[in-house]
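Undergrad: Here you go, one structure.
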Amino acid sequence: MPKLKLKKSVKKYLIIFIIIFILLIIGIKAIKTYKYHQTYEYKLLQINYKLDEIKILTSKLDNKYLDDLLTKEYNSNIPKLLTEKYFMLKNLDRYLNFISKNPDKALSDIVALVNVNRDRDFYEELETTDTSKGSAMLVNKYHALSKDYECEDIVKVSTTYGYSGMSLNKEAYDAFKRLADDAKKDGYTIVILSSYRTYEYQDKLWTDRKNQKGIEKADAYAARAGSSEHETGLAIDVADYNNPINFGEQESYTWMLNNSYKYGYILRYPQGKEDITGYDYEAWHYRYVGADLATKIHNEGITFDEYYEFYLNN
Ligand SMILES: [Zn+2]
């Protein structure tokens, strides 16, 4: 019966083949599962992140941060922060800390405020201003000029363009002259009423007030020495020569808002941005940063502090 024998052995081989095939499938599946368990997607799912959140996390964070994230509890703010336009990875822990102290603030405000250091007290961790950035240098209550910083190219301002005794950085002054000449063609006489101040002068301004009224009142009145933009030689306070009071209510102010950036000047302490700049709204205070940068800041619609931290110091 050779036919039957053959059939029997074929059957035997077939069964062995099917068993091997099943084992192979099980093996491949086990390897696949093992591999998946090693992925960040699986691990993040285990601590309750959702798939759309995981997509954001894995596309924006490197392995070091993802590993760190796995040691912490689920936090829905993290993926949301990562999609904020001005999110900076180096500030992640500070954002989360600031959120816990300000749970009602919008995340965009949290990011903006922490980026400009407003989660820290004024003058608390003063950094020395990077003066190598030239007209793009940042001076505020977190970045200060050192006592021995020497302002370059300071020139006297002619009484055609400002009150007597003013001086300014030459490049800033040349730009202001072009600005003032063009404003005049449009019928406005814009003049400088405060400009370059030395460290010593700013120090005296603040210290005198401190001695009279205490630190709190002195800080509300003037920047501490090193932290006033006027010490850069790049900042000016302006007025309308024909209507010298309340510059913010003059037509010449509107002209400045619409045109000053073309000459390299930006309104430094805008209305509604007091929390960001750390200064009350000052319609008269303009800062020279150069026409290219001023145009970028104007188009971006953010303060110089925010622009600097995100684009020039990130
Ligand atoms: Zn000023």
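The values are calculated or read from the model by the stated rules, or taken from the named source; none is laboratory data. Note that the structure is a prediction, hence the values are computed from the model and not measured. Note that each Cβ is placed from the backbone with ideal geometry, even for glycine, and that neighbours are counted across all protein chains shown. Accessible surface is based on the protein model in full, side chains and every heavy atom, while ligands, DNA and RNA are left aside. Shrake-Rupley method; radii C 1.70, N 1.55, O 1.52, S 1.80 Å.
Undergrad: Given the C-alpha centroids of region 168-206 and region 246-314, what is the distance between them in whole angstrom?
TA: Rounded to whole Å, the Cα centres lie 15 Å apart.
Undergrad: I'd like to compare 180-187, 259-266, 133-140, 229-236: which one has the highest average count of other Cβ atoms within 10 Å, and what's the full order after that?
TA: Sorting 180-187, 259-266, 133-140, 229-236 by mean packing, highest first, produces 229-236, 259-266, 133-140, 180-187.
Undergrad: When Lys and Arg each count +1 and Asp and Glu each count -1, what net charge do the other residues less than 9 Å away from LEU234, Cβ to Cβ, add up to?
TA: Every neighbour counted, the sum reads -1.
Undergrad: What number do you get for the chain when its Cα radius of gyration is normalised by 2.2 N^0.38 Å, N = residues?
TA: Expressed relative to 2.2 N^0.38 Å, the Cα Rg reads 1.60.
Undergrad: Let's test the formula: R0 of 30 Å, r as the Cβ-Cβ distance of GLU73 and PHE122. What FRET efficiency results, to the nearest 0.05?
TA: The pair GLU73/PHE122 has a calculated efficiency of 0.35.
Undergrad: Residue-wise, which Karplus ³J(HN,Hα) couplings in Hz belong to region 247-264, taking 6.51 cos²θ - 1.76 cosθ + 1.60, θ = phi - 60°, and x for glycine or proline?
TA: Values, residue by residue: 3, x, 9, 8, 5, 5, 5, 4, 4, 4, 4, 7, 10, 4, 4, 5, 9, x Hz.
Undergrad: Another one. How would region 153-192 be classified by its alpha-carbon gyration tensor: rounded, prolate or oblate, with rounded meaning a/c under 1.5 and the a/b versus b/c comparison settling the rest?
TA: oblate
Undergrad: Considering the options TYR201, ILE78, GLY134, tell which one lies farthest towards the positive end of the dipole of the chain, charges being +1 on Lys and Arg and -1 on Asp and Glu at the Cβ, about the Cα centre.
TA: ILE78
Undergrad: Probe radius 1.4 Å, ligands and nucleic acids left out: which of LEU51, LEU107 has the largest accessible area, and how do the rest follow?
TA: Descending accessible area places them as LEU51, LEU107.
Undergrad: Cβ under 11 Å from MET166's Cβ, MET166 left aside: what net charge do those residues give with Lys, Arg +1 and Asp, Glu -1?
TA: Once positives and negatives cancel, what remains is +1.
Undergrad: Would you look at the GNM of the chain, springs on alpha carbons closer than 10 Å, and say which of LEU14, LEU267, LEU205 moves the most?
TA: Looking only at LEU14, LEU267, LEU205, the biggest GNM fluctuation is shown by LEU14.
Undergrad: For region 247-293, what class follows from the C-alpha gyration tensor (a ≥ b ≥ c being the square roots of its eigenvalues): rounded when a/c is under 1.5, otherwise prolate if a/b is larger than b/c, else oblate?
TA: oblate
Undergrad: Follow-up. How big is region 127-312 by Rg and Dmax over its Cα atoms, in Å?
TA: Considering region 127-312 through its Cα atoms, Rg and Dmax are 15.7, 47 Å.
Undergrad: So, with +1 on the Cβ of K and R and -1 on the Cβ of D and E, and no other charges, what is the size of the charge dipole of region 127-312 about its Cα centre, to the nearest 20 debye?
TA: 380
Undergrad: Could you please state how large a percent of the accessible area of region 127-312 is carbon and sulfur, counting protein chains only and using a 1.4 Å probe?
TA: Solvent-exposed carbon and sulfur of region 127-312 make up 44 percent of the total.
Undergrad: Explain nothing, just the number: dipole magnitude of the chain about its Cα centre with +1 on each Lys and Arg Cβ and -1 on each Asp and Glu Cβ, in debye rounded to the nearest 20.
TA: It comes to approximately 3480 debye.
Undergrad: So, one more: Tell me the mean residue ellipticity at 222 nm calculated for the chain from its helices only (DSSP H runs of n ≥ 4, each -39500 (n - 2.57), averaged over every residue, nearest 500).
TA: Computed ellipticity for the chain at 222 nm equals -14500 deg cm²/dmol.
Undergrad: Still on this structure, please answer the following. What ³J(HN,Hα) values, in whole Hz, does the Karplus curve 6.51 cos²θ - 1.76 cosθ + 1.60 give for region 146-163 when θ = phi - 60°, with x put for Gly and Pro?
TA: So the J values, rounded to whole Hz, are 7, 4, 9, 5, 10, 5, 8, 6, 7, 10, 6, 8, 5, 5, 5, 10, x, 5.
Undergrad: Tell me which chymotrypsin sites (Phe, Trp or Tyr not before Pro) from region 67-134 have a DSSP coil assignment and no more than 16 other beta carbons within 10 Å of their own.
TA: TYR74, PHE122, TYR123
Undergrad: Around TYR286, with a cut-off of 12 angstrom between Cβ atoms, what is the net charge of the other residues, counting Lys and Arg +1 and Asp and Glu -1?
TA: With Lys, Arg at +1 and Asp, Glu at -1, the net is -1.
Undergrad: Roughly how far apart, in whole Å, are the Cα centres of region 88-162 and region 28-70?
TA: Distance between centres, Cα-based: 37 Å.
Undergrad: For region 98-167, just say rounded, prolate or oblate: build the C-alpha gyration tensor, square-root its eigenvalues into a ≥ b ≥ c, call rounded for a/c under 1.5, and beyond that prolate if a/b exceeds b/c, oblate if not.
TA: Cα axes put region 98-167 in the prolate bin.
Undergrad: What ³J(HN,Hα) values, in whole Hz, does the Karplus curve 6.51 cos²θ - 1.76 cosθ + 1.60 give for region 225-230 when θ = phi - 60°, with x put for Gly and Pro?
TA: My calculation for region 225-230 gives 3, x, 10, 9, 4, 4 Hz in order.
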